[in-house]
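Working notes, beginning with the structure itself.
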Amino acid sequence: MEFLILYEDQVRLFSFAGVLAVMALLENLFPRRQRRAPTARRWGVNLALTAINTVTLRLLFPLLAVEWAALMTTHDIGLAPLLGVPYWAACLVGIALLDLVIYAQHAAFHHIPFLWRFHRVHHADLEVDVTTGVRFHPGEIVLSMLIKFATIALLGVPAAAVVAFEVLLNATSLFHHANLALPRAVDRVLRLVIVTPDVHRVHHSTIRAETDSNFGFSVTWWDRLFGTFRAEPSAGHTGMEIGLAEYRVPAQQGLLWVCALPAYQNPPPAGR
């Protein structure tokens, strides 16, 4: 675990780049759906958002999640040190509870109108592939970081567990957003525990009842426990329409338009 703290930046960078490259290769070799939107433009916008988000976090936060966790641990802040929880248990329970918080946060971003303004940038993508897994508005990323800070401080999650969770979160997001056709038998077994591409793709349906399902990022347990799990889209994976019904015009997919989207209560004009 200490290795994760010492080499945090390298571990996160190589794991992100490695999973992104592998998923991009696999989804092109074994695609689940035929692409309908221009790939080059979509990838440009989605990866540009990733770069903007990285810079935004570095500029706004002198400490990121791992440094914050180390600071909290140094001062024995949080439930884990208060209750004398063993280090190994604090790591395992911390990762599980952080995942639960991410599930709850995701559901909140769907059901609270102000938060949905930011999160709909993720859902406005007209396709779902590996780059959709990093397509988030900077405002959502900042709010997510504040929620993560509060959770770490409350629970006293060790820094090594935070690194492991961040790597897991990034890897699973890239995996389950991939346009990847898994063998049905493999998917059937994996989805008992893990969020597979077919499980998460339902969440990107234009049908709101399907959009408001399958909120989990790494495991399907939370959705099953809280009754938000949906096994299949009503139109099937190859027939379902992806994105948001109100954002179908290609002009609504540019980087500037996407960044400005939260400022509008209703869809802005397509020319902006």
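The values are calculated or read from the model by the stated rules, or taken from the named source; none is laboratory data. Note that the structure is predicted; figures quoted are calculated from it, not measured. Cβ sites come from the backbone with ideal geometry, for glycine too, and all protein chains shown count toward neighbours.
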Inset, instruction - Kindly list, by first and then second residue, each pair from a residue in the range 19-36 that is closer than 14 Å to residue 128 by Cβ and aliphatic (A, V, I, L, M) to a residue that is outside any helix (DSSP H, G or I) and modelled with pLDDT of 95 or more, limited to pairs with Cβ atoms under 6 Å and residues at least 6 apart or on different chains. - result: 23/178
Legend entry - Selection count, the range 102-132, where residues are surrounded by fewer than 17 Cβ atoms within 10 Å (Cβ to Cβ) and in a helix (DSSP H, G or I): 6
Legend entry - Subset of the range 175-199 (residues that are basic (Lys, Arg) and surrounded by 16 or more Cβ atoms within 10 Å (Cβ to Cβ)): 191
Legend entry - Pairs where the first residue, in the range 103-114, is over 14 Å from residue 146 (Cβ atoms) and the second is part of a helix (DSSP H, G or I), C-beta under 6 Å, 6+ apart: 103/222
Inset, instruction - Please specify each residue of the range 130-183 satisfying the condition of being among the aliphatic types (A, V, I, L, M) and touching a Pro at 6+ places or on another chain (Cβ under 8 Å). - result: 178, 180, 181, 182
Inset, instruction - Hey, can you tell me all the residues within the range 74-84 that are among the β-branched types (Val, Ile, Thr) and part of a helix (DSSP H, G or I)? - result: 74
Legend entry - Residues within the range 50-73 that are aromatic (Phe, Trp, Tyr) and not in a loop (DSSP other than H, G, I, E, B), tallied: 1
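Answer with yes or no whether residue 164 is closer than 19 Å to residue 14 by Cβ, modelled with pLDDT under 95, among the hydrophobic types (A, V, I, L, M, F, W, C) and crowded, with 23+ Cβ neighbours inside 10 Å.
For residue 164, the condition - closer than 19 Å to residue 14 by Cβ, modelled with pLDDT under 95, among the hydrophobic types (A, V, I, L, M, F, W, C) and crowded, with 23+ Cβ neighbours inside 10 Å - is not met.
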Inset, instruction - For residue 255, indicate whether it is under 18 Å from residue 121 (Cα atoms) and out of contact with any Pro (no Cβ under 8 Å at 6 or more places or on another chain). - result: yes
Inset, instruction - Mind listing just one residue for me: the one in the range 195-230 that is small (Gly, Ala, Ser) and in contact with a helix residue (DSSP H, G or I) (Cβ under 8 Å, 6 or more places away or on another chain) and, of those, nearest to residue 121 (Cα to Cα)? - result: 205
Legend entry - Residue ID - farthest from residue 140 (Cα to Cα), chosen from residues in the range 43-81 that are of a type in the set (Ser, Thr, Tyr) and surrounded by 14 or more Cβ atoms within 10 Å (Cβ to Cβ): 73
Inset, instruction - Could you identify the single residue in 76, 9, 99 that is acidic (Asp, Glu) and closer than 29 Å to residue 184 by Cβ? - result: 99
